[in-house]
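The values are calculated or read from the model by the stated rules, or taken from the named source; none is laboratory data. Since the model is a prediction, treat every value here as computed from it, not as a measurement. Every residue, glycine as well, gets a Cβ built from its backbone with ideal geometry; the counts of neighbours run over all protein chains shown.
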Amino acid sequence: MTDLTERQNKILGFVVHDYIGGGCPVGSKRLVNKYKLDVSDATVRNELGILTDKGYLRQPHTSAGRVPTEDGYRHFVSEIMDQTELTATARDNIRNQFYQDGREVKHWFRVAVRLLARHVQAASVITTPISERNDYKHLELINTHGRWVMMILVKEGGEVSQQMLTLAKKFTQEQLSAAAQHLNHLFLGLDADHIDAHPAHYNSLERDIVKLILEDMRQIDPILIGEVYRAGLSHMVSESEFGDTEVARNALRVLEERPLLEELLTSEMLVGESTSLKVLIGGEGRWEALRSCSVVLARYGEPGLLIGTLGVLGPMRMPYRRTISTIRLVADLLSDVVADMPMNMAEM
């Protein structure tokens, strides 16, 4: 997006900003008067024509002003990604509301999702963090009855799995505890590949348990996102762009149906991405249900340990500056919570 002159870039920003605020096509005279431009109406009108030819603006009717296209919004967002609209007072207000009461883990997500929805006046969603680590942490073997043994395996990040085993012969609790203690000493902090390649010598019981540990650790975890918190759906459907019931229904389905939301969040934010914030405009050609929407997504947590996602869904005529700066602030607040009590998060 480097094909615009400085003046065209400035005029495009004014059109997007004005249209976001009022929802009405923007004409040259309004731009000159409102933004005190030191050029004539005719000059601005010519620049609007060029921006329209380049695909950044469109003209709904011959005599109407211009409105941004998807490319126009994308260019605008690329220009303001590092800017913030939140004043120090607004940021302090959000922080105070976030920390005002309660310390129970789920409290943070309920408060955060409502804060986000209220401050950006759009639908918001937050997923609780899931572990990015599958390393070995602790093993317990508990004698239940005869050859039946309960194996409890704890992984880094807090994930716990348990299963009942039928061993080839009966072992005492002392023998089981000794085997678990030995394996805990050998495997702490290792992943499945390093455990499999470990040079240690095992007795018959330990050898059987190691096979089961490897099977457990190499299973594909079907949980791709954590528990989902939502708020502000009424903000979204009240926007004029969602007056079309089909448009509103499609957008709501993405937020309310877990498989669709899981697909969106994992493909856009949690898999193979280095960025912590992404803006999707008009579905980006990948999400037909979001063709009339914009979505701002961000990650929070401790990379390599616990990662969650938060997002905002609204019309393309979204207040991007406020939305991006607010979502970044809420992500920072949730990251601080995860850093302070990661085990509590993981055990929810």
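The single condition among (1) in the same structural domain as residue 194 (by TED's automatic domain parsing); (2) more than 24 Å from residue 105 (Cβ to Cβ) that residue 160 does not satisfy is (2). Being in contact with a Lys or Arg (Cβ under 6 Å, 6 or more places away or on another chain) and modelled with pLDDT of 90 or more is a property that does not hold for residue 149. Of the residues making up the range 276-301, those that are in contact (Cβ under 8 Å) with a residue 60 or more places away in the chain and more than 20 Å from residue 72 (Cα to Cα) are 300, 301. Of the strands (runs of 3 or more DSSP E) lying entirely inside the range 132-248, those containing at least 3 residues that are more than 25 Å from the chain's Cα centre (by Cα) and either surrounded by 13 or more Cβ atoms within 10 Å (Cβ to Cβ) or of a type in the set (S, T, N, Q) (or both) are 136-145, 148-155, 160-166. Of the candidates 127, 144, the single residue that is without any contact (Cβ under 8 Å) to a residue 40 or more places away in the chain, of a type outside the set (Asp, Glu) and either more than 26 Å from residue 192 (Cα to Cα) or outside the structural domain of residue 318 (by TED's automatic domain parsing) (or both) is 144. On the stretch given as the range 47-62, residues that are of a type outside the set (Lys, Arg) and surrounded by 13 or more Cβ atoms within 10 Å (Cβ to Cβ) total 9. For the range 16-35, a residue qualifies if it is closer than 21 Å to residue 316 by Cβ, surrounded by 14 or more Cβ atoms within 10 Å (Cβ to Cβ) and not hydroxyl-bearing (Ser, Thr, Tyr), and the qualifying residues are 16, 17, 18, 20, 25, 26, 27, 30, 31. Residue 107: buried (at least 22 other Cβ atoms within 10 Å of the Cβ) and either part of a helix (DSSP H, G or I) or modelled with pLDDT under 85 (or both), yes or no? Taking the combined requirement at face value, the residue does not satisfy it. The listed residues are 31, 51, 4, and the only one of them that is within 24 Å of residue 83 (Cβ to Cβ) and free of Cβ contacts under 8 Å to residues at least 40 places away in the same chain turns out to be 31. Taken over the range 295-316, the residue count meeting the criterion of being among the aliphatic types (A, V, I, L, M) and more than 30 Å from residue 241 (Cα to Cα) is 3. If the condition is being of a type in the set (A, V, I, L, M) and in contact with a Leu (Cβ under 8 Å, 6 or more places away or on another chain), then the range 46-71 contributes 48, 51, 57, 67.
Considered as a group, the residues in the range 106-121 that are of a type in the set (Lys, Arg) and over 16 Å from residue 92 (Cα atoms) include one that is farthest from the chain's Cα centre (by Cα), and that residue is 106.
For (1) under 23 Å from residue 315 (Cα atoms); (2) modelled with pLDDT of 95 or more; (3) assigned by TED's automatic domain parsing to the domain that holds residue 322, each residue gets a yes or a no:
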position	(1), (2), (3)
11	yes, yes, no
14	yes, yes, no
37	no, no, no
46	no, yes, no
56	yes, yes, no
63	no, no, no
73	yes, yes, no
